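Sharing a structure here in structure tokens format.
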Amino acid sequence: MFFARAAEKGNAPFLWHKSGGAWHSQSWAEVAQQVASLAAALKAQGLKPGDPVMLVSENRPEFCVADLAVMAAGCITVPTYTTNTTRDHQHILTDSGARAVIVSTAKLAQALMPAVVRSQASFIIGMEPLRGAQGTCACHLWSDLLAAYPADVDAIAAAQTATRNDQACIIYTSGTGGAPRGVMQHHGAILANVEGAGTIVAEDFGWGEEVFLSFLPLSHAYEHSGGQFLPMLLGGQIYYAEGLEKLASNIEEARPTIMVVVPRLFEVLRTRILKSIEKQGKFPTYLLAQALRIASKEQGGKTSVLDLPMKLLLSRTLVPKIRARFGGRLKALVSGGAPLNPDVGLFFHAMGLTLLQGYGQTEAGPVVSCNRPAAGIAMDTVGPPLDGVEVRIAEDGEILVRGELVMHGYWRNPAETEKALKDGWLHTGDIGEFDAKGRIRITDRKKDLIVNDKGDNVSPQKVEGMLTLQSEIGQAMVHGDRRPYLVGLVVPDAEWTREWAAAQEGVIEGLEANPAYMAALRAAVDRVNDDLSVIERVRRFILADEPFGIDNEEMTPSMKIRRHVIRKRYADRLDGLYKG
């Protein structure tokens, strides 16, 4: 798909990055030359078809080049998060069996290199110079390799033998068992996803000169498919955002037509827009209230001709100003990765912006369904399945998915694969239903995986298991679904508590009010946080009233904690940890 698009588009701009205060583009032809050269270089270093190659990089043009080059060499890309710890990198290197590593900067290499030197990887490539890189594997500079292998693009393109059924990448996602599992995505899974999404763009919005602003981590399946390969299918352009703090200005500069975003960003933007409107005085605030009122009626199918004058006024006052903040040519904001609050969706609809909520998971390419204007947008649904995707609801309400988009399994993990894939159907672990118009409505999550407000997946069992390894902590439960960070509920270890109290010549009762006691527990939590990535760290915690047990129905007979029971009991106190 990439080489075909590059041949068509030639010198048209493709990838954009900002440096020195200005945006710079690389054409399709230039990117194709880099992809071909790097693919030739990888082969020359001894890589064989099917070899995994780990990719650690922030969003930048080189990520796209590296990803495509690895695939063009017949190898398998293993994209990983830039927030990973050395321990995380070690697990993925060992589990994937990566034969080589590509990393962007010396800063990211600091956590990566200790894991690389203990791995089977034979060489590492730095997009930028890697200061102090050493160990048993060879180290190459990106620019040197490209210069040394001026490959013929047509020859590299003609040499492609991969089919839609062949593996393209391994994307690691947190599992309920603790260690991240590698999802085997084949070329057909990604292509089926982008073809389904491309149909929505073409049929509901009209296929034009599409411009994307890449912001979410490209190691996340959502951005990998939706923010990188979908633009390729559409022959569009990709601008790489500079970061959250500059996102608002980047949007106005890039003027995207489509943005793939997680709910948390929509919530932040909504808050900023609301504050801005309120500062402008009573009349703009009145207009906002009217816009929300009309949008709510339209969502309920209760439109009225009496609202037409107000809609006309809004279309000439409030709405153009808001649209201008998004560049003025936005066709759709696409929300995925975590559940979207319907009120947030309603707000953007009221502002004249089309917000589409989708649903899926890494194991399904990752997009299963998406709202689309042609089917009618309902903010409490995630839309109908994409073309070519079968979805049915099991007897227990679980959403089952079948089609080319479904993964081939978990890398080197037949036990987990057998649980997830049964008779060709992916068991998503989510509970849902179809509405009268065939749109999927998610009603609950069957599995325990925590999805924070940015769409990041966190395995609670992993964090809880590490907490209870500390001598001070007997039991623990972490909480943070749809929240900005994790908080914890801790049951102090009874024996440690007795010993601590004896050493302090104090009594056990009322220790939660003892600053020294709480500081000791905080130190235990902090030790665990040191070995966790940013999204997994427990920021704050409270103490449980009593141990989790079978008698108080907080544990099952098989000694698994009953999260819904515990969350209900401590809901107010856990929620209180997010205040102040």
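The values are calculated or read from the model by the stated rules, or taken from the named source; none is laboratory data. Worth saying up front: this structure is predicted, and the values here are computed from it rather than measured. Counting neighbours? That spans all protein chains shown, and the Cβs are built from the backbone with ideal geometry, glycine included.
Looking at Met555 and the list (1) within 20 Å of Leu449 (Cα to Cα); (2) within 28 Å of the chain's Cα centre (by Cα), which single condition is not satisfied?
Only one criterion is unmet by Met555, namely (2).
Which of the strands (runs of 3 or more DSSP E) found entirely inside the stretch 70-184 contain at least 1 residues meeting this: among the hydrophobic types (A, V, I, L, M, F, W, C) and farther than 30 Å from Leu449 by Cβ?
It comes to 100-103, 123-126, 138-141.
Also, I was wondering about something else. For Gly74, which of the numbered conditions (1) crowded, with 22+ Cβ neighbours inside 10 Å; (2) in contact (Cβ under 8 Å) with a residue 40 or more places away in the chain; (3) of a type in the set (Gly, Ala, Ser) fails to hold?
Going through (1) crowded, with 22+ Cβ neighbours inside 10 Å; (2) in contact (Cβ under 8 Å) with a residue 40 or more places away in the chain; (3) of a type in the set (Gly, Ala, Ser) one by one, Gly74 breaks only (1).
I would also like to ask the following. When you scan the stretch 413-425, do you find a residue that is surrounded by 14 or more Cβ atoms within 10 Å (Cβ to Cβ), out of contact with any Pro (no Cβ under 6 Å at 6 or more places or on another chain), in a loop (DSSP other than H, G, I, E, B) and in contact (Cβ under 8 Å) with a residue 12 or more places away in the chain, even just one?
yes
Here's the yes/no breakdown for (1) of a type in the set (Lys, Arg); (2) within 30 Å of Glu58 (Cα to Cα):
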position	(1), (2)
Val268	no, yes
Arg272	yes, yes
Gln280	no, no
Phe283	no, no
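Here is a yes/no grid of residues against (1) in contact with a strand residue (DSSP E or B) (Cβ under 9 Å, 6 or more places away or on another chain); (2) touching a residue at least 24 places away in the same chain (Cβ under 8 Å); (3) not basic (Lys, Arg):
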| residue | (1), (2), (3) |
| --- | --- |
| Met1 | no, yes, yes |
| His24 | yes, no, yes |
| Gln34 | yes, yes, yes |
| Ala41 | yes, yes, yes |
| Ala44 | no, yes, yes |
| Asp67 | yes, yes, yes |
| Asn84 | yes, yes, yes |
| His89 | yes, yes, yes |
| Ile92 | yes, yes, yes |
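Additional query: If only one of Leu313, Leu288, Leu318 is surrounded by fewer than 17 Cβ atoms within 10 Å (Cβ to Cβ) and more than 29 Å from Trp207 (Cβ to Cβ), which one is it? I'd like the intermediate steps shown before the answer.
Numbers: Leu288 fails: surrounded by fewer than 17 Cβ atoms within 10 Å (Cβ to Cβ); Leu318 fails: surrounded by fewer than 17 Cβ atoms within 10 Å (Cβ to Cβ).
Answer to the selection: Leu313.
Another question, then. Which ones in the stretch 302-343 are more than 21 Å from Leu274 (Cα to Cα) and within 33 Å of the chain's Cα centre (by Cα)?
Arg329, Lys331, Gly336, Gly337, Ala338, Pro339
Tell me whether the stretch 325-342 contains one or more residues that are in a helix (DSSP H, G or I), out of contact with any helix residue (DSSP H, G or I) (no Cβ under 7 Å at 6 or more places or on another chain) and charged (D, E, K, R).
no
Report, by residue number, each residue of the stretch 97-116 that is among the basic types (Lys, Arg) and touching a Lys or Arg at 6+ places or on another chain (Cβ under 9 Å).
Listed by number, the list holds a single entry, Arg99.
Same structure, new question: Determine which member of the set Ala115, Ala148, Ala121, Ala138 is in contact with a helix residue (DSSP H, G or I) (Cβ under 6 Å, 6 or more places away or on another chain) and small (Gly, Ala, Ser).
Unique residue meeting the criteria: Ala115.
Go through the stretch 230-289 and give me each residue that's basic (Lys, Arg) and in contact (Cβ under 8 Å) with a residue 24 or more places away in the chain.
Initially, the stretch 230-289 is screened for residues basic (Lys, Arg), giving 246, 255, 264, 270, 272, 275, 279, 282.
Matches in the stretch 230-289: Arg255, Arg264, Arg270, Arg272.
Consider the stretch 371-409. How many of its residues are part of a helix (DSSP H, G or I) and among the aliphatic types (A, V, I, L, M)?
Residues in the stretch 371-409 being part of a helix (DSSP H, G or I) and among the aliphatic types (A, V, I, L, M): 2 in total.
Would you mind listing the strands (runs of 3 or more DSSP E) fully within the stretch 435-502 where at least 2 residues are at pLDDT below 90 and surrounded by fewer than 22 Cβ atoms within 10 Å (Cβ to Cβ)?
Correct list: 440-445.
Out of all the residues in the stretch 458-487, which are closer than 13 Å to Ala524 by Cα and touching a helix residue (DSSP H, G or I) at 6+ places or on another chain (Cβ under 7 Å)?
Those that are closer than 13 Å to Ala524 by Cα and touching a helix residue (DSSP H, G or I) at 6+ places or on another chain (Cβ under 7 Å): Val463, Met466, Leu467, Gln470, Ser471, Glu472, Ile473, Gly474, Ala476.
Under 7 Å between Cβ atoms, which residue pairs at least 6 apart in sequence (or on different chains) link something in the stretch 480-494 that is more than 17 Å from Ile566 (Cα to Cα) with a partner that is of a type in the set (Gly, Ala, Ser) and not in a strand (DSSP E or B)?
Correct list of pairs: Arg482/Ala338; Asp493/Ser471.
Looking at the stretch 502-517 only, could you name the residues that are touching a residue at least 12 places away in the same chain (Cβ under 8 Å) and of a type in the set (A, V, I, L, M)?
Within the stretch 502-517, Leu511, Ala516 qualify.
Can you name the strands (runs of 3 or more DSSP E) wholly within the stretch 194-298 that have at least 3 residues being closer than 23 Å to Asp453 by Cβ?
Once the strands (runs of 3 or more DSSP E) in the stretch 194-298 are filtered for at least 3 residues that are closer than 23 Å to Asp453 by Cβ, what remains is 211-214, 258-261.
Would you mind stating whether Gly50 is touching a Pro at 6+ places or on another chain (Cβ under 8 Å), at positive phi and touching a residue at least 40 places away in the same chain (Cβ under 8 Å)? Give the derivation first.
Details: touching a Pro at 6+ places or on another chain (Cβ under 8 Å): no; at positive phi: yes; touching a residue at least 40 places away in the same chain (Cβ under 8 Å): yes.
In short, no.
Count, please, the residues in the stretch 508-534 that happen to be buried (at least 17 other Cβ atoms within 10 Å of the Cβ) and touching a Lys or Arg at 6+ places or on another chain (Cβ under 7 Å).
1
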